[in-house]
């Protein structure tokens with residue numbers, strides 16, 4: 001199966017204390033990755049009919065990250081706490097294969113997403129022709145690309161084996177010092193699965209940054225007149241920096257350590273360095289939900305819509321003055337606050353009621369019949385010192401702002417929906 005190493009009886013080469021720490025860290029990674037990517041997929045499923053071409057890559061990215069979480073963490077975590085690899089050689093190959101498949105798929109997804117974003121912003125004449133069908137075809141190519149490099153060690157081009165720290169499996173990097181096939185595979189993997197993707201990501205987002213910074217008019221033509229281009233500029237920069245930093249932080253340490261082991265003196269590479277680099281690489285399953293779920297307003301709006309009913313119920317419970325019933329009118333009577341000193345405007349009497357939507361975190365209330373207001377003049381000074389508001393509600397409906405809230409960056413252009 002392309003693996004000459006025996007994995008039975010492999011013990012960890014780092015201290016048990018460090019293994020326990022890594023086990024706890026992996027457990028946290030697994031929990032938050034499972035939660036974040038599942039939430040992202042749930043949102044995508046609920047708005048599947050509204051998905052734009054670029055968003056297909058985000059969904060596929062969540063699938064690959066979730067696949068890595070489900071297949072790797074349940075094997076790595078118990079092995080770390082046991083201070084040794086608990087499984088056999090076949091499971092070792094399975095672990096290494098899944099790590100390569102889902103890891104390369106995630107990296108390739110980020111690469112294609114950056115290229116698509118670059119086309120949308122810098123070359124709109126081509127980017128506007130990009131459709132959902134193109135996204136599906138490219139996603140199939142992503143999986144095929146990752147599958148080729150992941151199955152190559154099983155076909156005797158390279159090999160899988162235990163990691164130097166002993167509680168996980170991946171490419172047998174030491175074999176590159178001994179076998180010509182392993183050398184060619186490692187070199188190809190480094191060039192086509194790290195150098196090229198990293199260069200494309202950095203190049204694409206650099207072009208986007210320069211385009212937005214140097215010619216804001218080219219960006220404003222995609223926006224509604226009421227929105228400022230600075231908002232788009234800010235979000236584009238944040239998204240670009242987040243993706244680039246996440247990519248580099250997650251995979252660069254492991255790539256450096258792997259190349260050091262493959263083309264240098266493998267005996268000089270500390271096992272703890274491999275363990276740390278592998279932990280950084282697996283943390284990439286967290287970066288993607290953080291970037292694309294937290295920084296994309298349209299995803300958050302869908303979650304807001306789903307929570308609108310719950311928010312409304314909470315608001316009704318917290319605001320005791322808001323009571324609705326069917327067929328029975330209810331009234332709200334508000335007495336004026338005592339004014340000392342200067343006579344303040346009568347509008348101030350509405351302050352409590354005007355603040356209701358913001359205090360209760362809900363939208364507005366449509367009432368029928370409308371509010372009946374009676375103003376009683378003070379017979380002494382003739383001022384409007386008493387105000388009785390009778391709110392007659394026969395049937396009230398609370399509508400959440402989220403149902404009608406537009407994308408903060410506008411909803412009139414595909415550019416905003418696809419990229420921002």
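Conditions tested, residue by residue: (1) within 25 Å of residue 212 (Cα to Cα); (2) at pLDDT 85 or above; (3) buried (at least 21 other Cβ atoms within 10 Å of the Cβ); (4) outside the structural domain of residue 95 (by TED's automatic domain parsing).
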site	(1), (2), (3), (4)
120	yes, no, yes, no
130	yes, yes, no, no
145	no, yes, no, no
161	no, yes, yes, no
179	no, no, no, no
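Applying the criterion of being assigned to a loop (DSSP other than H, G, I, E, B) and in contact (Cβ under 8 Å) with a residue 60 or more places away in the chain to the residues of the stretch 167-204, the residue that is nearest to the chain's Cα centre (by Cα) is 168.
Looking at 51, 42, just one residue is more than 22 Å from residue 13 (Cβ to Cβ), out of contact with any helix residue (DSSP H, G or I) (no Cβ under 6 Å at 6 or more places or on another chain) and either at pLDDT below 85 or not assigned by TED's automatic domain parsing to the domain that holds residue 250 (or both), and that residue is 51. For the stretch 246-296, taking the residues that are outside any helix (DSSP H, G or I) and more than 18 Å from residue 30 (Cβ to Cβ), the one that is modelled with the lowest pLDDT is identified as 296.
The stretch 89-163 holds helices (runs of 4 or more DSSP H) entirely within its bounds, and those carrying 3 or more residues that are over 23 Å from residue 283 (Cβ atoms), in contact (Cβ under 8 Å) with a residue 60 or more places away in the chain and under 22 Å from the mean Cα position of the chain (by Cα) map to 89-122, 132-151.
The values are calculated or read from the model by the stated rules, or taken from the named source; none is laboratory data. As the structure is a computational prediction, the values presented were derived from the model and not from experiment. In this analysis, Cβ positions are derived from the backbone assuming ideal geometry, glycine residues included, and neighbour counts consider all displayed protein chains.
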